[in-house]
Amino acid sequence: MITSPRTELLKGEVDKVRKWVADGGNLLWLIDQDPLRGLQPLADDLGLQLTPGIVVDPTAAQLRIPATIALATSYGVHPITEGFTYNTAFPFVRQIVTKPEGSNWHATQLVEVAQRGWVETGSLDKDLRYDKDRDVHGPVVVAAALERKVKDKSQRVVVVGGSQFLSNQSIGLLSNLDLGVNMLNWLAADENLITVQPRSRVDSELTLGRAPLAMIGFGFLIVLPLAFLLTGGMIWWRRRQT
């Protein structure tokens with residue numbers, strides 16, 4: 001797995017990664033908006049076109065969450081997303097464009113976000129507005145799966161336009177964990193494990209202290225019977241008066 005490196009990679013390091021892919025190794029690449037730090041040749045090998053900018057999703061803003069968290073409700077036809085109908089959230093995600101023409105890669109668009117959004121190529125500090133002359137209108141593809149045959153074996157690569165959707169802060173959002181696990185299972189050729197993970201049960205047990213328990217017991221054992229007796233007595237007395 002490759003996440004966005006923070007320092008420039010040495011040519012020898014990049015060559016090792018490219019050789020791993022050239023020899024048929026599987027790969028999960030989470031590509032943030034940061035510079036590629038020397039990995040542009042790897043992007044070229046995979047036929048990736050990485051456009052600048054961050055996806056802005058007005059739907060997220062309507063839900064009172066930052067517009068830079070793109071919400072996904074549309075998924076491609078692929079084993080990773082088969083039967084996957086849940087929402088996922090991608091903070092500060094970039095667009096992924098696959099251009100495998102002239103190569104033996106078969107590309108599938110996995111995740112589409114921001115149906116009414118766009119790729120913001122300007123500053124995120126200002127008021128976010130779509131600029132038709134500069135920005136890319138949604139929907140925006142932010143994840144793709146690549147597959148090919150190498151030495152009679154299936155090679156698999158998953159590329160996501162950001163690492164934050166699997167970060168500690170975001171992996172619990174919506175169904176991010178399910179999608180991430182499905183990606184890893186597909187890369188490991190464990191299709192039988194691709195599923196929606198069972199949700200943990202919410203603890204519905206009510207624990208009361210001594211004082212609340214005493215009040216409940218007093219109410220049921222004394223107050224409630226007295227109330228019934230008083231009500232019955234009043235009904236009996238009124239009938240005696242008529």
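Restricting to segment 19-41, what's the tally of residues that are part of a loop (DSSP other than H, G, I, E, B), under 22 Å from R6 (Cα atoms) and among the charged types (D, E, K, R)? Outline the logic, then answer.
Just the residues of segment 19-41 that are part of a loop (DSSP other than H, G, I, E, B), to begin with: 23-26, 31-39.
Retained after the next criterion (residues that are under 22 Å from R6 (Cα atoms)): 31-39.
Going one step further and asking which of them are among the charged types (D, E, K, R), we end up with 32, 34, 37.
Adding up the residues that qualify gives 3.
Out of the residues in segment 65-114 that are within 14 Å of the chain's Cα centre (by Cα) and on the phi > 0 side of the Ramachandran plot, state the one that is surrounded by the fewest Cβ atoms within 10 Å (Cβ to Cβ). Restricting to residues being within 14 Å of the chain's Cα centre (by Cα) and on the phi > 0 side of the Ramachandran plot, the top hit is F92. Residues in segment 1-18 that are out of contact with any Asp or Glu (no Cβ under 9 Å at 6 or more places or on another chain) and either among the β-branched types (V, I, T) or assigned to a loop (DSSP other than H, G, I, E, B) (or both): M1, I2, T7, E8, L9, L10, V14, V17. When segment 60-86 is filtered for residues that are of a type in the set (A, V, I, L, M, F, W, C) and closer than 21 Å to Q169 by Cα, the ones remaining, listed by number, are A60, A61, L63, I65, A67, I69, A70, L71, A72.
Please verify whether A60 is at pLDDT below 90, surrounded by 19 or more Cβ atoms within 10 Å (Cβ to Cβ), small (G, A, S) and not in a strand (DSSP E or B), treating the condition exactly as stated. Yes: the conditions hold for A60.
The single condition among (1) part of a helix (DSSP H, G or I); (2) in contact with a Leu (Cβ under 9 Å, 6 or more places away or on another chain) that D44 does not satisfy is (2). For the residues V111, V93, the requirement of being assigned to a loop (DSSP other than H, G, I, E, B) and closer than 20 Å to S163 by Cβ singles out V93.
For D23, the criteria (1) among the acidic types (D, E); (2) under 17 Å from the mean Cα position of the chain (by Cα); (3) farther than 25 Å from K132 by Cβ hold in every case but one, which is (2). Here the condition is being among the hydroxyl-bearing types (S, T, Y), at pLDDT below 90, assigned to a strand (DSSP E or B) and out of contact with any Cys (no Cβ under 6 Å at 6 or more places or on another chain); of T51, T73, it holds for T73 alone. Scoring V160 on the criteria (1) of a type in the set (A, V, I, L, M, F, W, C); (2) in contact with a strand residue (DSSP E or B) (Cβ under 6 Å, 6 or more places away or on another chain); (3) surrounded by fewer than 20 Cβ atoms within 10 Å (Cβ to Cβ) leaves a single failure, condition (3).
The values are calculated or read from the model by the stated rules, or taken from the named source; none is laboratory data. On a predicted model such as this, the values are computed, not experimentally measured, just so you know. With ideal geometry, Cβ positions are generated from the backbone for all residues, glycine too; neighbour counts draw on all protein chains shown.
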